[in-house]
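Chemist: Dropping the structure in here first, questions after.
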Amino acid sequence: MDIQIKPIVTEKATAYSEKQNCYIFAVSPDANKFQIKDIVEKLYNVRVERVNIANYSGKRVQRYTKGGLIRGRHDAFKKAYVTVAEGQKIDYYSNI
């Protein structure tokens, strides 16, 4: 099973990471806390203290176009709030 992990870089997430030393990632819906902790520790070489998870269901969307009504659905995803040890930081741009 391959777990996908992608950092969420928004103003709110950046402020959260600066104040509380907690970083936000979008992960695969079938990932659990232990897998997320292992992946973050291996990718960023930090010690993870805590992982909190929030599940987001897919939402229905529709829009009106010239051709008529188009209906669709956004994908469901899971958001992981990863708290790292005091004094450690995650640099998202070091892997680029």
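Chemist: Hey, if we sort Ile90, Ile39 by accessible area with the 1.4 Å probe, largest down, what's the order?
Modeler: Ile39, Ile90
Chemist: Given a 10 angstrom Cα cut-off, can you work out which residue in Phe77, Phe25, Phe34 is the most mobile in a GNM of the chain?
Modeler: Result for the chain, Cα springs under 10 Å: Phe34 fluctuates most.
Chemist: Still on this structure, please answer the following. Could you tell me the center-to-center distance, by alpha carbons, between the stretch 66-96 and the stretch 1-34 in angstrom?
Modeler: 6
Chemist: Suppose only helical runs count, i.e. DSSP H with n ≥ 4. What mean residue ellipticity at 222 nm does that imply for the chain under -39500 (n - 2.57) per run, divided by all residues and rounded to the nearest 500 deg cm²/dmol?
Modeler: Estimated from H runs of four or more residues: -7000 deg cm²/dmol.
Chemist: Taking the Cα centre as origin and putting +1 on Lys and Arg beta-carbons and -1 on Asp and Glu beta-carbons, what dipole magnitude results for the chain, to the nearest 20 debye?
Modeler: So the magnitude is around 660 debye.
Chemist: Trypsin sites (Lys or Arg not before Pro) within the chain: which are DSSP loop residues with at most 14 other Cβ atoms inside 10 Å?
Modeler: Here the trypsin sites (Lys or Arg not before Pro) that fit, given the DSSP loop and packing criteria, are Arg47, Lys59, Lys66, Lys89.
Chemist: What FRET efficiency would be calculated for the residue pair Glu41, Ile70, taking the C-beta separation as r and a Förster radius of 41 Å, to the nearest 0.05?
Modeler: The formula returns an efficiency of 0.45 here.
Chemist: Identify which of the listed values of semi-axes √(5λ) of the Cα gyration tensor in Å was calculated from the structure shown: (i) 28, 17, 10; (ii) 31, 15, 12; (iii) 36, 15, 11.
Modeler: (ii)
Chemist: In addition: Taking the Cβ of Arg60 as the center, what net charge do the other residues with Cβ under 9 Å away carry, scoring Lys and Arg +1 and Asp and Glu -1?
Modeler: Local charge sum for Arg60: +3.
Chemist: Angle between the Cα long axis of helix 33-44 and the longest principal axis of the chain, 0 to 90 degrees, nearest 10?
Modeler: 70
Chemist: Give the angle, between 0 and 90 degrees and rounded to the nearest 10, that separates the Cα long axis of helix 11-20 from the longest principal axis of the Cα atoms of the chain.
Modeler: 20
Chemist: Could you work out the local net charge near His74, counting Lys and Arg as +1, Asp and Glu as -1, over the other residues with Cβ closer than 13 Å to its Cβ?
Modeler: Once positives and negatives cancel, what remains is +4.
Chemist: Same structure, new question: Tell me which GluC sites (Glu not before Pro) from the chain have a DSSP coil assignment and no more than 14 other beta carbons within 10 Å of their own.
Modeler: The qualifying sites are Glu86.
Chemist: Can you give the net charge of the other residues whose Cβ lies under 12 Å from the Cβ of Ile90, counting K and R as +1 and D and E as -1?
Modeler: Once all neighbours under 12 Å are counted, the net charge is -1.
The values are calculated or read from the model by the stated rules, or taken from the named source; none is laboratory data. Everything numeric in this text was worked out from a predicted model, so none of it was measured. When we count neighbours, we look across all protein chains shown, and the Cβ atoms used for this are built from the backbone with ideal geometry, even at glycine. For the accessible areas, the whole protein counts, side chains as well, though only heavy atoms, and no ligand, DNA or RNA atoms are used. Shrake-Rupley method; radii C 1.70, N 1.55, O 1.52, S 1.80 Å.
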